[in-house]
Amino acid sequence: MNQPTSVRLVEVGPRDGLQNEKQPISIADKVRLVDDLTAAGLSYVEVGSFVSPKWVPQMAGSAEVFAGIGRKPGITYAALTPNLKGFETALEAKVEEVAVFAAASESFSQKNINCSIAESLQRFVPLMEAAKAANVRVRGYVSCVLGCPYDGEVAPEQVASVARELYAMGCYEVSLGDTIGTGTAGKTRAMLEVVARDIPRDRLAGHFHDTYGQALANIYASLLEGISVFDSSVAGLGGCPYAKGATGNVATEDVLYLLQGLGIETGVDMGKLIAAGQRICEMLGKANGSRVARARLSQ
Ligand SMILES: CC(C)(COP(=O)([O-])OP(=O)([O-])OC[C@H]1O[C@@H](n2cnc3c(N)ncnc32)[C@H](O)[C@@H]1OP(=O)([O-])[O-])[C@@H](O)C(=O)NCCC(=O)NCCSC(=O)C[C@@](C)(O)CC(=O)[O-]
């Protein structure tokens, strides 16, 4: 398998990165983060989510964030929607693309969205119909593809089965999430090999958390498997409210550095990206989770 020559980065910092933050973050700061990221050249940003505010309070202001951002042509501003109610609210906020999320493990599905895997897929059916009618593209996520915080090992066949269902119901792309960041390059390749039996590789994305420091190795392994879309979070922001101890997504700056080293084009400006990440880290009073940003900022 030849490595792809171009890669699309899906920036999930404003959603996956911030959803777990306990301290209040103003709408203005969230808007600024999204605008900084698109100014750095990112063409796809997950801005927020339309989930129950009782479950994830930090995302409660997502409609205001959508109203505040300076939308630019050619950029996809997306949101997470768990059900039809979330989709309808997202549509009112003029969201152009949404993502549904399921899990490859039963326990994580229950903890995250309070229903079984089968029930979650059923819940997406009316959402998919409404999205089709509104001409809104839907991305699909599968969580826990390389391990579950409650159930442990997750079989690649189980991942493939959920991914297949999402793809069959109309998700144009399925993002495979190593939610707790325990995956290794070997496991990643083995899992992708099974999932790609049913879904074309150019319809799959990798979503790696960096808890065990393996995310870049897993991205490289995925590139060798022909995957060319990766989710990442500026400054490595994040964690998962339902996966204790999980760190943030792999830092976008670090992925960019890897890709630049491979001669793979993304159109993202490293300097502007680092500035965007550092600004939000200073606002949050947190250390920057990107090794590349830390190295560059110390020079
Ligand atoms: C799915 C539900 C809603 C089920 O939650 P539930 O309690 O089972 O749902 P319900 O239908 O019984 O509704 C309960 C209440 O929530 C309201 N409600 C219902 N739906 C919505 C909505 N869309 N927006 C706003 N409010 C909503 C509904 O109106 C009702 O309000 P009440 O009558 O009690 O006042 C809930 O479990 C939920 O919102 N979960 C979200 C969890 C979440 O956002 N997790 C983080 C994102 S996933 C992730 O991070 C993983 C990923 C994608 O990054 C990939 C990876 O790394 O693995």
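The set of residues in the range 249-270 being of a type in the set (F, W, Y) and either over 9 Å from V292 (Cα atoms) or surrounded by 21 or more Cβ atoms within 10 Å (Cβ to Cβ) (or both) is empty.
Screening A90, A133, A102 for residues that are in a helix (DSSP H, G or I) and either open to solvent by less than 70 Å² (accessible area, probe 1.4 Å) or under 29 Å from D35 (Cβ atoms) (or both) leaves exactly one candidate, A90. Among the residues of the range 147-162, the ones that are away from the ligand (no atom under 13 Å from the Cβ) and not in a loop (DSSP other than H, G, I, E, B) come to 6 in all. Of all residue pairs spaced 6 or more apart or on separate chains, those with beta-carbon atoms under 6 Å, a first member in the range 115-128 that is more than 11 Å from A102 (Cα to Cα) and a second member that is of a type outside the set (D, E, K, R) are P126/L84; L127/L84; L127/F87; M128/M169; M128/G170. Restricting attention to the range 271-282, the residues being open to solvent by 50 Å² or more (accessible area, probe 1.4 Å) and of a type in the set (A, V, I, L, M) number 1. I'd like to check something: does the range 7-27 contain any residue that is near the ligand (Cβ under 10 Å from one of its atoms) and of a type in the set (D, E)? Yes; the residues of the range 7-27 include at least one that is near the ligand (Cβ under 10 Å from one of its atoms) and of a type in the set (D, E). Within the range 197-208, is there a residue that is at pLDDT below 95, surrounded by fewer than 24 Cβ atoms within 10 Å (Cβ to Cβ), over 16 Å from L146 (Cα atoms) and under 18 Å from the mean Cα position of the chain (by Cα)? Checking the range 197-208: not a single residue is at pLDDT below 95, surrounded by fewer than 24 Cβ atoms within 10 Å (Cβ to Cβ), over 16 Å from L146 (Cα atoms) and under 18 Å from the mean Cα position of the chain (by Cα). Could we say that A60 is within 15 Å of the ligand (Cβ to nearest atom), over 30 Å from E193 (Cα atoms), hydrophobic (A, V, I, L, M, F, W, C) and open to solvent by less than 60 Å² (accessible area, probe 1.4 Å) here? Criteria not met by A60. Quick check: is even one residue across the range 32-51 within 16 Å of the ligand (Cβ to nearest atom) and open to solvent by 30 Å² or more (accessible area, probe 1.4 Å)? Checked the range 32-51: at least one residue is within 16 Å of the ligand (Cβ to nearest atom) and open to solvent by 30 Å² or more (accessible area, probe 1.4 Å).
Yes/no matrix, rows are residues, columns are (1) within 21 Å of R8 (Cβ to Cβ); (2) surrounded by fewer than 22 Cβ atoms within 10 Å (Cβ to Cβ):
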site	(1), (2)
E165	no, yes
M169	no, yes
V174	yes, no
G181	no, no
T184	no, yes
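Within the set R71, R164, R139, the sole residue that is free of Cβ contacts under 8 Å to residues at least 24 places away in the same chain and of a type in the set (K, R) turns out to be R71.
Restricting the range 71-87 to residues that are of a type in the set (V, I, T) and assigned to a loop (DSSP other than H, G, I, E, B), the residue that is nearest to the ligand (Cβ to nearest atom) is T81.
Residues that are under 17 Å from the mean Cα position of the chain (by Cα) and within 15 Å of the ligand (Cβ to nearest atom) within the range 110-146 comprise N112, I113, V138, R139, G140, Y141, V142, S143, C144, V145, L146, listed in sequence order.
Suppose we keep only residues that are over 30 Å from E129 (Cβ atoms), part of a loop (DSSP other than H, G, I, E, B) and not hydroxyl-bearing (S, T, Y) within the range 169-189. Which one would you say is farthest from the ligand (Cβ to nearest atom)? The qualifying residue farthest from the ligand (Cβ to nearest atom) is G183.
The values are calculated or read from the model by the stated rules, or taken from the named source; none is laboratory data. Since we're looking at a predicted model, the values are computed, not measured. Counting neighbours? That spans all protein chains shown, and the Cβs are built from the backbone with ideal geometry, glycine included. Note: accessible area is taken over every heavy atom of the protein model, side chains too, but ligands, DNA and RNA are not part of it. Shrake-Rupley method; radii C 1.70, N 1.55, O 1.52, S 1.80 Å.
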